[in-house]
There are 2 protein chains.
Amino acid sequence: MAAGSAALGLIAGGGDLPPAVARSVREAGGDVFVVALTGSATEPWVADFPHIFLSPGEPGRIIRALREAGADKVLLVGRVDRPKFSELKLDAKGMLLLPRAIAAARQGDDALLRFIVGICEDGGLQAVGVADAAPGLVTGEGPLGKFTPDENARADIAAGFRIVQALGALDVGQAAAVCEGLALAVEAAEGTDAMIARIGNLRESLRGTAAHRRGVLVKALKPTQDAKTDMPVVGVETVRKAHAVHLAGIALEAGGSLIVDKAAVAAEADRLGLFVVGVRP
Amino acid sequence: MAAGSAALGLIAGGGDLPPAVARSVREAGGDVFVVALTGSATEPWVADFPHIFLSPGEPGRIIRALREAGADKVLLVGRVDRPKFSELKLDAKGMLLLPRAIAAARQGDDALLRFIVGICEDGGLQAVGVADAAPGLVTGEGPLGKFTPDENARADIAAGFRIVQALGALDVGQAAAVCEGLALAVEAAEGTDAMIARIGNLRESLRGTAAHRRGVLVKALKPTQDAKTDMPVVGVETVRKAHAVHLAGIALEAGGSLIVDKAAVAAEADRLGLFVVGVRP
């Protein structure tokens, strides 16, 4: 976002991605106005930016706040927990749209995110993707640190992308782990962190060990996923978790995933002996 | 298997399926000779049948034992753990075939099973499927107990079959759980029991509760799976585990899965309020 243009309206859920986007936009000279979603975004980082806390059940107030802040573009990032509709704070528009929101939420988290962004677009705001707003976060092609996948790992990367694409087409998950041809774990509703953690419970003959790391974590954009609302994200913690279950490395969809703090991820991967590589599948 | 015909050679791994097959054949008037695989089959049931314990690394001895027992047909069922090749007891033929066996094992459990059966076929034995040897165990179409899936559950069953077929085509897993359109869990190397158990860790808004059971476990034959060596299996324990994580029921591929003790499964499902249904996808 070039200096002087209108502010980016950042509707922020939880996790490390919203602050990374906000900082990246500011570093590039742009302005950011943050709508922090109550129940999802509770982190103190929002105090560094002009912001307001609103419920996902208040789309009327969200649109009004963004307009008053001079934002003409809107971006929703971060983890948005499916709200308990019985406890949700609603404005008039939210009440009107609630039946559609509940229906969307039942179809999966992606559907709920698309629904919220859709309401903002109906309200005259232009939805933009993270890749447009903060291009510095997008995974590039090739290795990020000093380690690179060997022949076994390259075969596992190819197998992992096949699995993630097949699953992604059904809106199931965006991550899988493969070790020497065997699918160790596949992500569904539990999320990537829980998926990685359970690899440690598999018997040793199937997976890597501290003495001999093997297997690869693959993350890719779901074909059903809208890059404007949701892209796979990794950060330093992902590298640490992959290391803890003795994987050899991480492969990410180049152009279709985000890395929070590339320098820190590269340094941690180098320190722990893992590769992190962007691959165009 | 009709009475008077040659014995069935049952190469038995672990779990409930091998004894169920052996008993089903005997009840139909057939003879069974069991090769219990050391390291996998350690259960006392084999004492009820003529048997021998041999290592999966002794294909020469396995073929000889089956021939001496008058078996001309061979069936491998049950869980076969990937052996630690460094600890494997080998005969001459096993030593000769070890490099191929290791390569097969790396391609997944199915490949290892197909490899063992292939050696028996090379040795002049005819491989038969469970469906031929013990047709009473095969899942039929329709409900097994008194409960049937409602409209939500029928939609989840259809979604579950789509996921399992996509995954199965990549030799990943044979089970998934879906709740109101959301994929709760997908099976990879951890196996169905571990997959079911982790549904209980998901937040309540995504899954069923004791007060309101919802979501369906789906098991189907992988397209890569050879029905002669490996079909999905459920039993009374599967019903109990599905109940423990508040699923509404279980859907199985009719003609492409096995039920150990149908009467007991139906009774337990009725007692716990779950449906168990065979579906031709």
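Structure summary
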| quantity | calculated |
| --- | --- |
| Residue count, segment A:245-279 (criterion: under 19 Å from residue A:151 (Cβ atoms) and either in contact with a strand residue (DSSP E or B) (Cβ under 8 Å, 6 or more places away or on another chain) or modelled with pLDDT under 95 (or both)) | 11 |
| Subset of segment A:234-265 (residues that are surrounded by fewer than 19 Cβ atoms within 10 Å (Cβ to Cβ), in contact with a helix residue (DSSP H, G or I) (Cβ under 9 Å, 6 or more places away or on another chain) and small (Gly, Ala, Ser)) | A:244, A:255, A:264 |
| Identity of the residue in segment A:134-152, in a helix (DSSP H, G or I) and more than 28 Å from residue B:182 (Cβ to Cβ), that ends up nearest to the other protein chains (Cβ to nearest Cβ) | A:152 |
| Failed item in (1) in contact with a strand residue (DSSP E or B) (Cβ under 6 Å, 6 or more places away or on another chain); (2) within 27 Å of residue B:94 (Cα to Cα), with residue B:68 passing the rest | (1) |
| Subset of segment B:240-281 (residues that are touching a residue at least 60 places away in the same chain (Cβ under 8 Å) and of a type in the set (Asp, Glu)) | B:253, B:261, B:270 |
| Residue in segment A:176-184 that is facing chain B (nearest Cβ under 7 Å) and either assigned to a helix (DSSP H, G or I) or within 14 Å of residue A:232 (Cβ to Cβ) (or both) present | no |
| Matching option when the condition is touching a strand residue (DSSP E or B) at 6+ places or on another chain (Cβ under 7 Å) and either not in a loop (DSSP other than H, G, I, E, B) or not charged (D, E, K, R) (or both), among B:166, B:242, B:155, B:210 | B:242 |
| Number of the exception - residue B:207 against (1) within 24 Å of the chain's Cα centre (by Cα); (2) crowded, with 20+ Cβ neighbours inside 10 Å; (3) charged (D, E, K, R) | (1) |
| Within segment A:153-173, considering residues that are of a type in the set (A, V, I, L, M, F, W, C) and more than 8 Å from every other protein chain (Cβ to nearest Cβ), the one surrounded by the most Cβ atoms within 10 Å (Cβ to Cβ) | A:164 |
| Positions within segment B:252-268 being more than 15 Å from the chain's Cα centre (by Cα) and over 15 Å from residue B:217 (Cβ atoms), in sequence order | B:263, B:264, B:266, B:267 |
| Single condition residue A:214 does not satisfy, out of (1) touching a residue at least 24 places away in the same chain (Cβ under 8 Å); (2) under 23 Å from residue B:185 (Cα atoms); (3) of a type outside the set (Val, Ile, Thr) | (2) |
| Any hit, segment A:105-113, residues being under 28 Å from residue A:249 (Cβ atoms) and at pLDDT below 95 | yes |
| Total residues in segment B:254-281, condition in a strand (DSSP E or B) and either closer than 11 Å to residue B:234 by Cβ or among the polar types (S, T, N, Q) (or both) | 4 |
| Among (1) more than 14 Å from chain A (Cβ to nearest Cβ); (2) in a loop (DSSP other than H, G, I, E, B), the one test that residue B:131 misses | (2) |
| Selection count where residues are under 17 Å from the mean Cα position of the chain (by Cα), of a type in the set (Gly, Ala, Ser) and within 7 Å of chain B (Cβ to nearest Cβ), scope segment A:185-194 | 2 |
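The values are calculated or read from the model by the stated rules, or taken from the named source; none is laboratory data. Owing to the predicted nature of the structure, the values given are computational and were not obtained by experimental measurement. Quick reminder, even Gly has a Cβ in these numbers, built from the backbone with ideal geometry, and neighbours come from all protein chains shown.
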